[in-house]
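K.L.:
Structure incoming, see below.
The values are calculated or read from the model by the stated rules, or taken from the named source; none is laboratory data. Keep in mind that this is a model prediction, so the values were computed, not measured. Here the Cβ positions follow ideal geometry from the backbone for every residue, glycine too, while neighbour counts run over all protein chains shown. Side chains included, ligands, DNA and RNA excluded: accessible areas come from the protein's heavy atoms. Shrake-Rupley method; radii C 1.70, N 1.55, O 1.52, S 1.80 Å.
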Amino acid sequence: MNIIVNGALGRMGQEVCRLVQEEGHTLAAAVDPAGGAGCYAHLADYTGPADVVIDFSNHAGAVEVVDYCVHRGLPLVAATTGYTPEEFQKIEDGAKSVPVFQSYNMSIGVALLARLVGQAAAIFGGCDVEIVEAHHNRKADAPSGTALLLADAVKAKRPDAAYVFGRAGHHKRQPNEIGIHALRMGNVVGEHEVIFATDSQTITLKHQAHDRALFAEGALTAADFLVGQPAGLYHMDDLLGP
């Protein structure tokens, strides 16, 4: 594949660029606002051959990257977190013209976790659910997009669920609450834990990321899946299959 990496100078962008070349693909263009030797400052500056765009930049650039992909007819792997409702709407609109793969977490393991969380929520319908996530102290958005993805997996089985971000004050926990708690500390790559508790037992499902390379691996897997697909919005469930 000929791959454009947007956000190429960020931590994840550098991982993707390295893996693209290690796995025998072609780095068609590295794009980052900082520019520099061998790096385009804007997507529009590159008009050469490409098969797909992998975006690990910033959510604020959603309009630019979607417009570029639609204009060129290129599939987009949208791997950024923190999208506003308006930015996510832009992605949904773009998916009407080109295939777009969107996930708040590119880990295949997290995708499997989300599936297991949904199954547990269906089986233990009346249990208390708490989600705890931890990331490095430089992460800007909280809770993480992955924590919200996991909460959504529960809500799909329990439509009356209400998200409670952190907990403070003097009132009892309500039965339909999904508690979501964010930790920011040190250099933690990413940890997500979903706890299902009844009066008689507790089930804990947990995923730990040991190396950021796993997100780059997932992004490349998503890109390979996306190339050749018709226009539409795709997620990890589509990649995992039934």
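K.L.:
Which of the residues that make up the range 142-167 are open to solvent by 40 Å² or more (accessible area, probe 1.4 Å), under 30 Å from Gly10 (Cβ atoms) and assigned to a loop (DSSP other than H, G, I, E, B)?
P.N.:
Ala142
K.L.:
Which pairs have Cβ atoms under 7 Å, sit 6 or more apart or on different chains, and link a residue in the range 93-107 that is farther than 12 Å from Leu239 by Cα to one that is open to solvent by 10 Å² or more (accessible area, probe 1.4 Å) and of a type in the set (Ser, Thr, Tyr)?
P.N.:
Final answer for the pair search is Pro99/Tyr234; Val100/Tyr234; Tyr104/Thr81.
K.L.:
With respect to Asp128, determine if the residue is of a type outside the set (A, V, I, L, M, F, W, C), under 18 Å from Thr81 (Cα atoms), open to solvent by 30 Å² or more (accessible area, probe 1.4 Å) and touching a residue at least 40 places away in the same chain (Cβ under 8 Å). Before the answer, list the steps.
P.N.:
Details: of a type outside the set (A, V, I, L, M, F, W, C): yes; under 18 Å from Thr81 (Cα atoms): no; open to solvent by 30 Å² or more (accessible area, probe 1.4 Å): yes; touching a residue at least 40 places away in the same chain (Cβ under 8 Å): yes.
So Asp128 fails the test.
K.L.:
While we're here: Could you please let me know if Gln174 is touching a residue at least 12 places away in the same chain (Cβ under 8 Å), loosely packed, with under 14 Cβ neighbours inside 10 Å and assigned to a strand (DSSP E or B)?
P.N.:
Values: touching a residue at least 12 places away in the same chain (Cβ under 8 Å): yes; loosely packed, with under 14 Cβ neighbours inside 10 Å: yes; assigned to a strand (DSSP E or B): no.
No; evaluated as a whole, the condition is false for this residue.
K.L.:
Residues being touching a residue at least 24 places away in the same chain (Cβ under 8 Å) and either loosely packed, with under 14 Cβ neighbours inside 10 Å or assigned to a loop (DSSP other than H, G, I, E, B) (or both): count how many of those fall in the range 184-202.
P.N.:
Taking the range 184-202 and keeping what is touching a residue at least 24 places away in the same chain (Cβ under 8 Å), we get 184-198.
Subset that is either loosely packed, with under 14 Cβ neighbours inside 10 Å or assigned to a loop (DSSP other than H, G, I, E, B) (or both): 185-189, 198.
Residues that pass the stated criteria total 6.
K.L.:
Now for a separate question. Any idea how many residues of the range 46-62 are open to solvent by 50 Å² or more (accessible area, probe 1.4 Å) and at pLDDT 95 or above?
P.N.:
The first filter runs over the range 46-62 and keeps only residues open to solvent by 50 Å² or more (accessible area, probe 1.4 Å), leaving 47, 49, 51, 58-60.
Narrowing the set further to residues that are at pLDDT 95 or above leaves 47, 49, 51.
Final tally of qualifying residues: 3.
K.L.:
Next up: Mind listing whichever residues of the range 107-148 are over 19 Å from the mean Cα position of the chain (by Cα) and β-branched (Val, Ile, Thr)? Steps first, please.
P.N.:
Keep residues of the range 107-148 that are over 19 Å from the mean Cα position of the chain (by Cα), which gives 119-130.
Correct list: Ile123, Val129.
K.L.:
Filter the range 206-218 for residues that are within 14 Å of Glu133 (Cα to Cα) and open to solvent by less than 40 Å² (accessible area, probe 1.4 Å) and give the result.
P.N.:
Our first condition is that a residue be within 14 Å of Glu133 (Cα to Cα); within the range 206-218, this holds for 206-209.
Answer for the range 206-218, where residues must be within 14 Å of Glu133 (Cα to Cα) and open to solvent by less than 40 Å² (accessible area, probe 1.4 Å): His207, Ala209.
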